[in-house]
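This report refers to the structure that appears directly beneath it.
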Amino acid sequence: MSASDERCAGAAGYAPHPYIGGRTAVLRALAAWRMRWPGAPRVIVLTGSPGSGRSRLLTGFLMMCDPEGRRQLPLDQMDPATVPPDLPAPAVPDPQGRTAAQLLWLLADHFRLNAARGEDICTELAAREEPVTIVVPDVDRAGPVRAADEPARVVREVLTPLATTGGVQLLADVPRALAAELARALPPGQARIIDLDDPEWADPAGLVRHAETALAPGAGVPELPFATDPSARRALAEAMAQRAGGSRLTLQLAVQSLFMRPEGFDPADPAMLPGSVGEALDLHARRLGADPLTLRLLLAPLALAEGEGLPVQLWGPLADAVAGRDMSRDLADGMPLAAPFLQPVATAERDGADGGEPDGAQGGEEAGGTADGGRTLLRLMHPGIAEEIRAGLPDVRGAQTRIAMALLEAVPEQDWSRADPYVRDHLAAHTLDAGLLPQLLTDPGLFAHADPVAMRAAIEVVPLEQLGAPARTYLRIAPLLTRTQAPAAVRAAFLESAFVEDGLAPYAQALHGLGFALPWRTLWSVPLTGVRAVTAGSLPPPDAEGVAAEAAAAPDGTSAVAALFVPEGTPGSRPVPDPDGAADAADPAYMDGATGALLVHDLLRPGYVDVAPARLRRPSEEARAAAPFGFSRGADSLRIWARASREVVATLLSDTPITGADLSPDGVLVVATGRGVTARQILAVPPAAAPIVPAQRTGPPDSAASDGLEGDH
């Protein structure tokens, strides 16, 4: 299977693939892989330079692997060796904008696996009786943050484990720099690299056909002398293809530039034809009488943009920032100059204040790339153009610094709830590329409003020792934020408690001043481990002998406290007395037969209370029944519901198992986890406005943030 097969296929009279227009040698190799032909490798790594046509090739091949797509193709007219057998469609997880962990969970959803951890997914695939076929396209577009280098993580954390799993047949489109690394993970003969730029896989005839088809008159295409005449069109197509050196992207840009401004074009002049993407940019600018540097400066904000694309209203300010001067006149006059390189993107609507929602691709609750709600964005038509422009910038870090400053200035009165979705979701990525991210990570409002998948991916790139305390707190609970896809108000509630747990009370207080309807106010938190149970109770009024109140007293003279059952020997604890000698059967020390030692903490404010366990009292059943709230508890979650309506008013999730919980009659929730004990005052949220977190996946909670986005399911 080599380039000579292209000529053989043409001589045999076979029709080319209508979408690809060639690539017979590669299609034969892929068809042999699909049918598991003897001697065919189990893993194929498809690679090539940007613009070599990898995505188009893979799309065309997948058409023949899909039962519905096959019915729309003239398979009986095509080379039989290029047509894969009629089998169930392979799994095709889309990595665009996703993390490595998200990609794994897409596979788990597709194959209906019961894995609770990302590392269990390949183990379950290996245990299946039937082999599975997986095609992973566009790995170079993986990740919500470009500077995080997510394609490398996808290769190391997803593709390499899949490739080394018996029973998995894998085809992956990866950047050339990572192709050899993936192939080296397998024994000889099990993997093959197909580099579309290698002469072995070259398709010069297909490239000529591509140019000839693009030049042909049609809807929206001007009738030009060198396009309407078949022989002239063929000659120009051959010249363009030869000059483009195998790059489909270079050829496409040349054709688009020609149609944009055909005046003065001489098909016989080789200097009119670009030999690279960079030459296509510069030649187009000169043909329109513009400075090539102006074109590159206009496109630079789009080349540096994150996510789906750049909102139109931000293009001008960011162009000014990159250029360091006013570009408004250039932008106003420059649409014909920039148009051949632009692509509008229509986005799905979402509630901008509520953060990212799942994009619905291929099932599951994965959080995909951020959708900048309900409007048209602009992006460069191919990543290869962006790569060329970024490579030509003299100071990318300086440009990103100026972009970050411009984005900050675009936040109305620094109110993140009113910020453009692009600004709040992608500012972290721009400041990361500028080397300034740690300085940004001090604003609780940004933490709450920003897309947690993109924010977490950016923060994880920064060495932990360079992060301030608020950023480390965010990183600690980021698995909860990404796992739940919670709206901004729920994210703020999780962050509020986390800041108190980590001793950052001013940051927690700041969240209460940002307009969120938070379901609780965290009163205190202690980092105790080994707490087996908790109960809310009270101390009686001071006795007649004048014993002082140990905690804040209520109007009736009682003092609200929390009893924490801890291992014996815990500093400050007192042994639980023998229940046979208890003075009061309502003593909380005998709840559920708890034994060991007891610590008593003020219920409403920080601070332990030194008191004899026998003095503690539990609320009566009547008091509990009359309380406005009740709760139900799971392994790592807890729901508070209004007794009158039975509607959930708040949901608490924990990143470690919950070991004890109780709710006082006046609505103070005390929860013990593997990390410690925290008390939250439940606020009177009307049931209709209560934030409700979507249903969670089952299994153990996420581990520390450094383990990746296992929970982005």
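Of note:
- Within the range 44-78, the residues that satisfy the criterion of being β-branched (V, I, T) and either over 34 Å from the mean Cα position of the chain (by Cα) or buried (at least 23 other Cβ atoms within 10 Å of the Cβ) (or both) are I44, V45, T47.
- Test: residue in the range 120-142 that is open to solvent by 40 Å² or more (accessible area, probe 1.4 Å), under 17 Å from the mean Cα position of the chain (by Cα) and under 25 Å from A180 (Cβ atoms): yes
- Among the conditions (1) within 21 Å of D149 (Cβ to Cβ); (2) open to solvent by 30 Å² or more (accessible area, probe 1.4 Å), the only one that E409 does not satisfy is (1).
- Per-region count, the range 217-245, residues open to solvent by 30 Å² or more (accessible area, probe 1.4 Å) and of a type outside the set (D, E): 18
- Qualifying residue in the range 259-268 (condition: part of a helix (DSSP H, G or I) and more than 30 Å from V43 (Cβ to Cβ)): yes
- When P665, P700, P694, P686 are screened for being modelled with pLDDT under 50 and over 30 Å from R153 (Cα atoms), only P686 passes.
- Test for E279: is it among the charged types (D, E, K, R), open to solvent by 60 Å² or more (accessible area, probe 1.4 Å) and under 30 Å from P38 (Cβ atoms): no
- Total residues in the range 157-179 satisfying the condition of being open to solvent by 10 Å² or more (accessible area, probe 1.4 Å) and either on the phi > 0 side of the Ramachandran plot or in a strand (DSSP E or B) (or both): the figure is 1.
- Condition met for A235 (in a helix (DSSP H, G or I) and either over 31 Å from the mean Cα position of the chain (by Cα) or of a type in the set (D, E) (or both)): yes
- Restricting the range 637-646 to residues that are at pLDDT below 90 and of a type outside the set (G, A, S), the residue that is nearest to the chain's Cα centre (by Cα) is R646.
- Criterion: at pLDDT 95 or above and of a type outside the set (S, T, N, Q) - qualifying residue of L504, L481, L528: L504
- Any hit, the range 298-307, residues being modelled with pLDDT under 95 and either touching a helix residue (DSSP H, G or I) at 6+ places or on another chain (Cβ under 8 Å) or over 17 Å from L380 (Cβ atoms) (or both): yes
- Residues that are among the small types (G, A, S) and over 19 Å from the mean Cα position of the chain (by Cα), drawn from the range 79-115: A81, A89, A91, A115
- Residue identified as within 20 Å of T347 (Cα to Cα) and open to solvent by less than 40 Å² (accessible area, probe 1.4 Å) among L432, L380: L380
- For the range 103-119, a residue qualifies if it is under 16 Å from P479 (Cα atoms) and touching a His at 6+ places or on another chain (Cβ under 8 Å), and exactly one does: W105.
Each row is one residue, and each column tells you yes or no for (1) closer than 23 Å to G53 by Cα; (2) free of Cβ contacts under 8 Å to residues at least 24 places away in the same chain.
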residue: L224; (1), (2): no, no
residue: T228; (1), (2): no, yes
residue: M240; (1), (2): yes, no
residue: G245; (1), (2): yes, no
residue: T250; (1), (2): yes, no
residue: A268; (1), (2): no, yes
residue: L273; (1), (2): yes, no
residue: H284; (1), (2): yes, no
residue: L288; (1), (2): no, no
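- Failed condition for L182, given (1) surrounded by fewer than 19 Cβ atoms within 10 Å (Cβ to Cβ); (2) in contact with a strand residue (DSSP E or B) (Cβ under 9 Å, 6 or more places away or on another chain); (3) not hydroxyl-bearing (S, T, Y): (1)
- Near pairs, Cβ below 8 angstrom, 6+ apart or cross-chain, from the range 317-337 (touching a residue at least 12 places away in the same chain (Cβ under 8 Å) and on the phi < 0 side of the Ramachandran plot) to any residue that is of a type in the set (F, W, Y) and open to solvent by 60 Å² or more (accessible area, probe 1.4 Å): none
- Pick from the range 580-609, criterion modelled with pLDDT under 90 and open to solvent by 70 Å² or more (accessible area, probe 1.4 Å), ranking: nearest to L564 (Cα to Cα): T595
- Complete set of residues in the range 364-394 that are modelled with pLDDT of 95 or more and charged (D, E, K, R): R379, E387, E388, R390
- Pairs where the first residue, in the range 185-208, is within 11 Å of G48 (Cα to Cα) and in a helix (DSSP H, G or I) and the second is open to solvent by less than 30 Å² (accessible area, probe 1.4 Å) and small (G, A, S), C-beta under 7 Å, 6+ apart: W201/A3; W201/A25
- Inter-residue pairs, beta-carbon under 6 Å, first free of Cβ contacts under 8 Å to residues at least 40 places away in the same chain and in the range 74-101, second open to solvent by 40 Å² or more (accessible area, probe 1.4 Å) and in a loop (DSSP other than H, G, I, E, B), 6+ apart: A89/D66
- Where a residue in the range 398-419 is closer than 17 Å to D451 by Cα and its partner, wherever it lies, is open to solvent by 60 Å² or more (accessible area, probe 1.4 Å) and among the basic types (K, R), with Cβ under 8 Å and at least six apart: V411/R418
- The set of residues in the range 371-424 that are part of a helix (DSSP H, G or I), charged (D, E, K, R) and closer than 18 Å to L295 by Cβ comprises E387, E388, R390.
- Residue within the range 216-232 that is within 38 Å of the chain's Cα centre (by Cα) and modelled with pLDDT under 90 present: yes
- Tally, over the range 95-119, of residues that are crowded, with 24+ Cβ neighbours inside 10 Å and assigned to a loop (DSSP other than H, G, I, E, B): 4
The values are calculated or read from the model by the stated rules, or taken from the named source; none is laboratory data. Predicted model only: the values in this text are computed from it and were never measured. All Cβ positions, glycine included, derive from the backbone under ideal geometry; neighbour counts span all protein chains shown. Note: accessible area is taken over every heavy atom of the protein model, side chains too, but ligands, DNA and RNA are not part of it. Shrake-Rupley method; radii C 1.70, N 1.55, O 1.52, S 1.80 Å.
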